[in-house]
Amino acid sequence: AHAGAGEWINYREADVAEAVMDLTGGAGVDRIVEVDFAANQADSLAVIRPGGVIASYASASAMEPVLAFYPFMFKNVTLRMLIVYQITPDEQARGAAALAAWLEAGALSHAVADGGGLDDAARAHDRVAAGDKLGTVVLRV
């Protein structure tokens, strides 16, 4: 288990679609929270079940990705794009309360990659840019 998940896949070391299908016995998944829609569109399409929902909050690898329209349509997939700045205050409060409850119960953990002290900020930034860490780089202040 990692970060509260019963199973997790290191996308740098595994074929994500193959690993998801193995973990689900070939069934795929109902929901995907997508961190880079363009980069992961093929894998998402491969693992989403018919009628599934993909909620994406980024597509940094291509700001205007080409959509595989018919493959998504044939699976009756709902694509939901969202940005945190458009979430209502009520939704933010409910989300914060749920996260706080999970953290207090010890139900979540988070991978933290030590970034060093404030004097190490430039090196920590380079580490984030290199993409070779697992977790959030945090500076001690």
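Bear in mind these aren't lab numbers, they're just calculated from the coordinates by the rules spelled out. The shown structure was predicted, so the numbers you read here are calculated from the model rather than taken from an experiment. Glycine gets a Cβ as well: all are built from the backbone with ideal geometry, and neighbour counts include every protein chain shown.
Some observations on this one:
- Normalised by the number of residues in the chain, the mean separation of alpha-carbon contacts (under 8 Å, six or more apart) gives a relative contact order of 19 percent.
- Added length on full extension, which subtracts the Cα-Cα distance from 0.36 nm per residue, ARG123 to GLU91: 7.9 nm
- Intensity falloff of region 26-79 expressed as log10 I(q)/I(0), Debye formula with alpha-carbon point scatterers, at q = 0.19, 0.20, 0.21 Å⁻¹: -0.57, -0.63, -0.69
- Shape analysis of the chain based on the Cα gyration tensor places the equivalent ellipsoid semi-axes at 29, 20, 18 Å, largest first.
- The chain: angle of helix 121-130 to the longest principal axis, Cα-based, in degrees nearest 10: 20
- FRET efficiency for the pair ASN10 and LEU79, taken as 1/(1 + (r/R0)^6) with r the Cβ-Cβ distance and R0 = 22 Å, rounds to 0.30.
- Dipole magnitude (debye, nearest 20) for the chain, charges at Cβ of Lys, Arg, Asp, Glu: 260
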